[in-house]
Amino acid sequence: MQYFFVFLLLTFLVCSSPVLMICNHECRDDECCYGTGYMGGCKRLATKGDFCERKNKANDYRQYCPCQDGLFCNVIGRCQAYE
């Protein structure tokens, strides 16, 4: 029983720890690092019409990359060109 509580505590600590992204320095200029927890990867920047996330200072993206240069991520999360 004691081991169960230790296991439960360790599981909680690992799951509640801050996001660790390990790919930021490995991604090319036309890619972003995306993912959650300890799972991450490099993915191409979003193009016109693709789903996107807005750029942020931390370069921390959960599901989608930000848009390529010349595009912006609109309110519904799609890349579009500036008018």
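Read-outs: derived from the displayed coordinates by stated rules, not from any lab. Note that the coordinates shown come from a computational prediction; the quantities given were computed from them, not determined experimentally. Every residue, glycine among them, receives a Cβ derived from its backbone with ideal geometry; neighbour counts consider all protein chains shown.
Computed over region 27-82, relative contact order equals 33 percent, with contacts defined as Cα pairs under 8 Å that lie 6+ residues apart. Summarising the amide proton neighbourhood of Y61: residues at separation of 5 or more, or on other chains, whose placed amide H is nearer than 5 Å comprise G35.
Out of every Cα-Cα pair in region 27-82, what percent are more than 15 Å apart?
In whole percent, the long-distance tail amounts to 41.
Magnitude of the charge dipole for region 27-82, about its Cα centre and with charges confined to Cβ atoms of Lys, Arg (+1) and Asp, Glu (-1), is about 120 debye.
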